Amino acid sequence: MNHIAPLLTLDCIELDSDITSRKRAFEEISHIFEHCAGVSHQTAFDALNARERLGSTCLGAGVAIPHGRIKGLDGLVIAILRTRESIAFDTPDNRRARLFFSVLIPESDPEQYLVVLSEISELLKDRAVKQQLLTLATPRELCEFISAWQPPEAESAAAEEKSPSGNAPDAPDAEKA
């Protein structure tokens, strides 16, 4: 099951922004959260920066997953920002990002958010998928693409369901034995 798609809305996606710094990216993401989830941009900005101070959320290879906890939030919220140029993060190796999948997490969520962060990481580690996400023209295309994506575990489970009686394809037929 894809846990990302149900959290996406068209108004939580901004593509090809001219932003050139991590601070400005976080500010823009915070404004997206304010618009699509009603979270104060200052609250979102503070939460993203508080988490970033613990360690960089930039995965390298052009992607980052900034996230933070918000008191009183009812459920997970995702915002996606894609910039025209990659942005340097304040890390010793000067990692850069152009695609930001940002997540706000309810303070009361002890660990369910880890499933979503894990899926985002899986989505972004596939080079072909990432390239597609960097070239899709509209938020609608991006939402449709992510909605059609299946995490590797879900693909394995779907293949097992299609296999008759769950036997391996080369298993001997009981009547022939």
Legend entry - Residues satisfying the stated conditions in the range 1-31, i.e. touching a helix residue (DSSP H, G or I) at 6+ places or on another chain (Cβ under 6 Å) and hydrophobic (A, V, I, L, M, F, W, C): MET1, ILE4, ALA5, LEU8, LEU10, CYS12, ILE13, ILE19, PHE26
Legend entry - Filtered residues of the range 58-92 (kept if surrounded by 13 or more Cβ atoms within 10 Å (Cβ to Cβ) and farther than 28 Å from GLU111 by Cβ): ARG82, THR83, SER86, ILE87, ALA88
Legend entry - Selection within the range 88-133 - within 14 Å of the chain's Cα centre (by Cα), among the hydrophobic types (A, V, I, L, M, F, W, C) and part of a helix (DSSP H, G or I): LEU114, VAL115, VAL116, LEU117, ILE120, LEU123, LEU124, VAL129, LEU133
Inset, instruction - Answer with yes or no whether ARG95 is touching a Gly at 6+ places or on another chain (Cβ under 7 Å), at pLDDT below 95 and either within 21 Å of LEU15 (Cα to Cα) or surrounded by 15 or more Cβ atoms within 10 Å (Cβ to Cβ) (or both). - result: yes
Legend entry - Hits in the range 28-38 (condition: at pLDDT 95 or above and surrounded by 18 or more Cβ atoms within 10 Å (Cβ to Cβ)): GLU28, ILE29, SER30, ILE32, PHE33
Legend entry - Pair list, Cβ under 8 Å, 6 or more apart: the range 31-45 residue in a helix (DSSP H, G or I), other residue aromatic (Phe, Trp, Tyr) and modelled with pLDDT of 95 or more: HIS41/PHE33; ALA44/PHE33; PHE45/PHE26
Legend entry - All positions within the range 46-57 that are part of a loop (DSSP other than H, G, I, E, B) and surrounded by fewer than 20 Cβ atoms within 10 Å (Cβ to Cβ): GLY55, SER56
Legend entry - Selection from the range 12-22 of residues that are assigned to a helix (DSSP H, G or I) and at pLDDT below 95: ARG22
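The values are calculated or read from the model by the stated rules, or taken from the named source; none is laboratory data. What you see is a predicted model; the values in this text were computed from it and never measured. No Cβ is skipped: glycine too gets one built from the backbone with ideal geometry, and neighbour counts run over all protein chains shown.
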